[in-house]
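Scroll down for the structure; my scribbles are underneath it.
Where a number appears in this text, it was derived from the coordinates with a stated rule and is not lab data. Owing to the predicted nature of the structure, the values given are computational and were not obtained by experimental measurement. So basically every Cβ, Gly included, is an ideal-geometry build from the backbone, and we count neighbours across all protein chains shown.
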Amino acid sequence: MGFSFQSQSCCSRTRARVGVFHTPHGIMETPRFMPVGTVGTVKGVTPAQLKAAGAQTILANTYHLHLQPGEAIIEAAGGLHRFMGWNSPILTDSGGFQVFSLSELRQITDAGVTFRSPRDGRIIDFTPERSIAIQNALGADIIMAFDECPPYPATEEEVIVATERTYRWLERCIKAHQRPQEQALFGIVQGGVYPELRIAAAKSLAEFDLPGYAIGGVSVGEPPELINNIVRATAPYLPQDKPRYLMGVGTYREMAQAIAAGVDMFDCVIPTRLGRHGTALVRGERWNLKNARFREDFQPLDESCTCYACQHFTRAYLNHLVRSREMLGYILLSLHNITELIRFTVEIRAAILGDRFVSEFGHWLETASC
């Protein structure tokens with residue numbers, strides 16, 4: 001039981017690093033992309049397929065699992081790992097971002113957030129204590145502190161209020177956490193697009209000596225260059241001996257830039273969302289498989305990819321499935337996209353180990369949008 005993070009190697013020209021995070025359900029080799037399974041399932045992809053894709057850790061969401069089926073049912077089933085048939089590490093988000101996105105259905109106070117369930121209309125009180133209690137019942141290896149995620153754009157005063165409240169809520173989350181040997185509680189750095197607020201928040205959260213830290217409140221509408229600025233300003237002030245997690249980010253360029261700043265973990269719904277819309281991620285590009293150019297293209301989607309879709313089917317077949325709106329097409333593209341983003345971070349890991357990160361991935365470190 002328990003958690004540890006071991007840094008194995010560093011890039012000589014950036015802050016990029018390679019590490020291993022140990023959890024009760026196995027290790028995560030970093031840097032690593034983590035697929036998102038919001039309601040206890042990565043859409044359209046089985047646990048066995050996720051393993052074959054190289055997934056080591058997957059995410060689930062506290063807010064959504066609380067609404068359906070409820071943490072009591074999951075706890076009675078033996079916890080989230082048994083419930084969803086995944087015996088490797090799981091991370092649960094606190095539900096904070098989802099609650100705060102209900103802008104017209106919720107009310108924020110220092111006590112917590114009161115909101116009306118979009119599922120059945122009932123009034124629900126979400127406090128730091130309740131978020132942690134739900135996550136304790138779910139049993140994920142990594143659980144997130146309940147935080148206030150200010151929108152973009154927001155005034156500096158609004159961001160200060162949210163950042164200070166996030167700090168106070170973290171104190172309450174730590175006190176409420178009942179399973180610290182089995183579940184690693186990560187604190188979340190807020191601060192909007194204001195570097196000085198981010199740095200101050202990172203320093204104050206680091207004093208809690210938590211098992212890991214996240215950079216939150218990014219990818220909420222701000223342009224990519226601001227995300228890069230936020231990460232570069234924040235990451236150096238988070239503890240060197242703990243994993244750093246950039247929440248909600250999963251494009252090639254944003255991950256590469258964050259890795260260069262010293263970030264270890266990433267998650268995003270982008271691979272399955274694109275897959276459900278007929279789009280494939282192929283070596284840094286986005287391909288719309290509906291396009292007529294693929295109708296008679298009998299090559300694999302990506303000859304270098306080891307995923308089931310690329311090993312067994314052609315671009316023409318995928319084009320046919322997507323044009324026919326067949327479920328299999330969306331499943332195969334989602335599986336490929338997950339494999340591709342995991343492979344991207346695995347290849348970066350190998351490049352850092354060989355001190356080739358800048359030479360092989362330097363084009364992603366430029367500020368142009370992807």
Of Ala316, Ala292, Leu328, which is farthest towards the positive pole of the range 286-339's charge dipole, taken about the Cα centre with +1 and -1 on the beta-carbons of Lys, Arg and Asp, Glu respectively? Ala292
Calculated diffusion of the range 4-269, Stokes-Einstein form, Kirkwood radius summed over Cα pairs, 4 °C and 1.567 mPa s, µm²/s: 70 µm²/s
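Using the 10 angstrom Cβ neighbour count as an exposure proxy, how do Arg349, Arg273 rank, fewest first?
Arg273, Arg349
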Rank the residues Val346, Val249 as a footprinting-exposure proxy: fewest other Cβ atoms within 10 Å of their Cβ go first. Val346, Val249
For the range 284-299, what does the Karplus curve 6.51 cos²θ - 1.76 cosθ + 1.60, with θ = phi - 60°, yield as ³J(HN,Hα) per residue in whole Hz, taken in order and with x for Gly and Pro? x, 10, 10, 10, 8, 6, 6, 4, 5, 5, 9, 5, 10, 9, 9, 8
How many times 2.2 N^0.38 Å is the alpha carbon radius of gyration of the range 41-165? 1.15
Which one of Gly112, Gly121, Gly262 has the biggest mean-square fluctuation once the chain is modelled by GNM with Cα springs under 10 Å? Gly121
Karplus ³J(HN,Hα) for the range 191-198 (6.51 cos²θ - 1.76 cosθ + 1.60, θ = phi - 60°; Hz, whole; x = Gly/Pro) runs x, x, 9, 9, x, 5, 6, 4
Amide H to amide H, which residues 5 or more places from Val113 or on other chains are under 5 Å from it, using H placed in the peptide plane? Phe126, Thr127
Using a 7 Å offset from Cα along Cα-Cβ at Leu102, what residues in the range 61-75 end up with backbone N under 19 Å from the label point? 61-73
Quick one: order Cys310, Cys173, Cys305 by neighbouring beta-carbon count within 10 Å, fewest to most. Cys305, Cys310, Cys173
Output wanted: per-residue J couplings in Hz (rounded whole) for the range 200-210, from phi through Karplus 6.51 cos²θ - 1.76 cosθ + 1.60, θ = phi - 60°, x for Gly and Pro. 4, 5, 4, 5, 5, 6, 4, 5, 6, 6, 7
Scoring the chain by relative contact order with C-alpha pairs under 8 Å, at least six apart, yields a percentage of 18 percent
How far is helix 128-138 tilted, in degrees, relative to the longest principal axis of the Cα atoms in the chain, given as a value from 0 to 90 rounded to the nearest 10? 50 degrees
Any residue on another chain or 5+ positions along whose placed amide H is under 5 Å from the amide H of Thr314 is listed here as none
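To the nearest 20 debye, what is the magnitude of the charge dipole of the chain about its Cα centre, counting +1 on the Cβ of each Lys and Arg and -1 on the Cβ of each Asp and Glu?
With Lys and Arg at +1 and Asp and Glu at -1, about 880 debye.
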